Amino acid sequence: MNVLVIEDDSRIASFIEKGLRAEGYVTELAGSVREALVYVVTRVQDDFDLVLLDLGLPDGSGEEVLVRLRETGSGLPVIVLTARGEVVDKVRGLELGANDYITKPFAFDELLARMRVALRSATQPAAQELVVGDLRLDLLSKVAWRAGRRIDLAPREWALLELFMRYPTHVLSRTRILSRVWEFGYEPGSNVVDVYVGYLRRKLNRPGLAPLIQTVRGAGYRLVAP
Ligand code: CA
């Protein structure tokens, strides 16, 4: 799980990031409205699962970030972190699209608990299956099919294929795949992604059917729809 932390107070940011990393989350930090908006317009929707948003930022209010995020159509869960004394109208914030609020100072376990709730409600599968070309994933029974034939996948292989199928034709870098499928614990130089792409190819490829996963030199891998 990848979390974007938008917080200008370095002590609080470090407390949150250290705690989340110890729990296996991958975090990135933005310290201003300007920095946060760069994430919002470029990659927050594809690369993150949740946003922690401080309201009092040096160059404006976190509300601005929230509004822009929702304007992009993103339903990414957002938990607002507010300092005691910051004038916050919770109703207004929730109307702007926050999923929850936490008042600083907070206990780390409370933050984790609220994050789990927000993530759970956001990850209810919207669709029951993913289909790309002749490939079909049944998200409820966790069974994959290619051209009508069932394919048995190990959990990591499943997670990798699901990621490819959520972003068909996108080039996915090894770093991005590592952070989405393995979450943490592997060094960026690890070849585990190449190894698992190899496993997947062996299971997906069949004589007479087009290969599905392309290597894009120097960039990563891409699922092509035949
Ligand atoms: Ca602040």
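The values are calculated or read from the model by the stated rules, or taken from the named source; none is laboratory data. Source: prediction; values computed, not measured. Cβ sites come from the backbone with ideal geometry, for glycine too, and all protein chains shown count toward neighbours. The protein model used for the area step is the full one, side chains on, heavy atoms only, and it has no ligands, DNA or RNA in it. Shrake-Rupley method; radii C 1.70, N 1.55, O 1.52, S 1.80 Å.
Could you run through region 132-164 and say how many residues are in contact (Cβ under 8 Å) with a residue 24 or more places away in the chain and not in a strand (DSSP E or B)?
12
Would you be able to tell me the number of residues in region 192-226 that are under 15 Å from residue 153 (Cα atoms) and polar (S, T, N, Q)?
Summing the residues that are under 15 Å from residue 153 (Cα atoms) and polar (S, T, N, Q) in region 192-226 gives 1.
If we scan region 71-79, do we find a residue that is surrounded by 11 or more Cβ atoms within 10 Å (Cβ to Cβ), at negative phi, modelled with pLDDT under 90 and not in a loop (DSSP other than H, G, I, E, B)?
No - not one qualifying residue is present in region 71-79.
Given the options 61, 10, 74, 32, name the one that is closer than 29 Å to residue 170 by Cβ, assigned by TED's automatic domain parsing to the domain that holds residue 112 and within 12 Å of the ligand (Cβ to nearest atom).
32
Taking region 44-64 on its own, how many of its residues are among the charged types (D, E, K, R) and in contact with an Asp or Glu (Cβ under 8 Å, 6 or more places away or on another chain)?
Qualifying residue count, region 44-64: 1.
Would it be correct to say that residue 68 is surrounded by fewer than 18 Cβ atoms within 10 Å (Cβ to Cβ) and at pLDDT 95 or above?
No; evaluated as a whole, the condition is false for this residue.
Here is a check on your reading of the model: is residue 19 farther than 25 Å from residue 172 by Cβ and either under 19 Å from the mean Cα position of the chain (by Cα) or surrounded by fewer than 15 Cβ atoms within 10 Å (Cβ to Cβ) (or both)?
In short, yes.
Just for region 186-204: of the residues that are modelled with pLDDT of 90 or more and open to solvent by 40 Å² or more (accessible area, probe 1.4 Å), which one is nearest to residue 175 (Cα to Cα)?
Per the stated criteria, the residue is 194.
Looking at region 38-61, which of its residues are surrounded by fewer than 19 Cβ atoms within 10 Å (Cβ to Cβ) and among the hydrophobic types (A, V, I, L, M, F, W, C)?
38, 41
Out of region 95-109, which residues are among the β-branched types (Val, Ile, Thr) and open to solvent by 30 Å² or more (accessible area, probe 1.4 Å)?
Result: 103, single match.
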